[in-house]
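A short write-up of the structure that comes next.
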């Protein structure tokens, strides 16, 4: 007797558009995933990082910074909502009326209890596959930041920073993010 195969329904962007507006969903490899609201400390860290990057980007006229919830449409089966994302001024045409249509230049994901596996494994692979140039994984619990840089369709760890460090991005010359200020609560 053969094993009974249960086929999971693959969802698409059209299905994603029908999800309730009062809930946060992402579409990852055709699977609809509901994500709970982040805890206050997660939001504090996110706001601090976004503020530091936004100030730098505006001062230098480099592009646009967005934060979740903001849909990043990679393809019909992959629509993500990174915590923070940056699009360079040369690529502003990927900003659509309803979503970002393609890979941002920089994506920052801030880990939470429910998102760690997704952010560190699944999303990381997708961001590399679709061409995100730089990916930051921020761990508020450990107060660390890992910066990955895209090389031949895979992310290579550029550098890890601890809570007392001054972060420097490979993409932003002269950007310095003081992590003690980011993690202070």
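Within the range 167-185, take every residue that is touching a helix residue (DSSP H, G or I) at 6+ places or on another chain (Cβ under 7 Å) and assigned to a strand (DSSP E or B) and give me the one that is surrounded by the fewest Cβ atoms within 10 Å (Cβ to Cβ). Top of the filtered list is 167.
Filtering 54, 31, 77 for residues that are surrounded by fewer than 19 Cβ atoms within 10 Å (Cβ to Cβ) and more than 17 Å from the chain's Cα centre (by Cα) leaves a single hit, 31. When residue 18 is tested against the conditions (1) more than 24 Å from residue 150 (Cα to Cα); (2) touching a strand residue (DSSP E or B) at 6+ places or on another chain (Cβ under 9 Å), the lone failure is (2). Condition (residue is farther than 23 Å from residue 116 by Cα, touching a residue at least 24 places away in the same chain (Cβ under 8 Å), part of a helix (DSSP H, G or I) and out of contact with any helix residue (DSSP H, G or I) (no Cβ under 9 Å at 6 or more places or on another chain)) applied to the range 6-13: is it met by at least one residue? Within the range 6-13 (the criterion being farther than 23 Å from residue 116 by Cα, touching a residue at least 24 places away in the same chain (Cβ under 8 Å), part of a helix (DSSP H, G or I) and out of contact with any helix residue (DSSP H, G or I) (no Cβ under 9 Å at 6 or more places or on another chain)), the answer is yes, since at least one residue qualifies.
Taking the conditions (1) farther than 20 Å from residue 56 by Cα; (2) part of a loop (DSSP other than H, G, I, E, B) in turn, residue 150 satisfies each one other than (2).
Readers should treat all values here as calculations from the given coordinates under stated rules, not as data from a laboratory. Quick caveat: nothing in here was measured; it's all calculated off a predicted structure. Here the Cβ is made from the backbone with ideal geometry for all residues, glycine too, and neighbour counts use every protein chain on show.
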